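One structure is given here, and the rest of the page talks about it.
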Amino acid sequence: SPQEAANAGIEAVIQLRHRIGIRHQLREMGASEDQLSDWAEKSFAITRLMTLNPRKPSFEGLKGILAEAF
């Protein structure tokens, strides 16, 4: 089924990431938690991404996404 194929593709990407050592979280890449607010704020300056996104993010929404990735 399309859902099974999609799930298999996601799992293949996850396994590849592990095999070649791509880090998963921002903290693993050297980020600090105090940078998240600044990054969320700077995200709004990328107008191309903000205008193309069908859902208009809020500052708190962007900060929440970054916090989840941290």
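Looking across Gly30, Gly9, one residue alone is of a type in the set (Gly, Ala, Ser) and modelled with pLDDT under 95. It is Gly30.
Number of residues in the stretch 52-70 that are closer than 20 Å to Gln25 by Cβ, open to solvent by less than 80 Å² (accessible area, probe 1.4 Å) and either in contact (Cβ under 8 Å) with a residue 12 or more places away in the chain or among the charged types (D, E, K, R) (or both): the value is 6. Annotation: of all residues in the stretch 1-13 being in a helix (DSSP H, G or I) and open to solvent by 70 Å² or more (accessible area, probe 1.4 Å), the one that is farthest from Phe70 (Cα to Cα) is Pro2. For the stretch 19-33, filtering for residues that are open to solvent by 60 Å² or more (accessible area, probe 1.4 Å), farther than 21 Å from Ala67 by Cα and not β-branched (Val, Ile, Thr) leaves 1. The residues listed here are Leu16, Leu36, Leu49; of these, the one that is part of a helix (DSSP H, G or I) and either open to solvent by less than 50 Å² (accessible area, probe 1.4 Å) or touching a residue at least 12 places away in the same chain (Cβ under 8 Å) (or both) is Leu36. Counting only residues that are within 14 Å of the chain's Cα centre (by Cα) and modelled with pLDDT of 90 or more, the stretch 34-61 holds 4 of them.
The values are calculated or read from the model by the stated rules, or taken from the named source; none is laboratory data. Just so it is clear, the model here is predicted, and its values are computed rather than measured. Neighbour counts are summed over all protein chains in view; Cβ atoms, including those assigned to glycine, are modelled from backbone coordinates with ideal geometry. When the accessible area is computed, the model is the full protein with side chains, heavy atoms only, and any ligands, DNA or RNA have been set aside. Shrake-Rupley method; radii C 1.70, N 1.55, O 1.52, S 1.80 Å.
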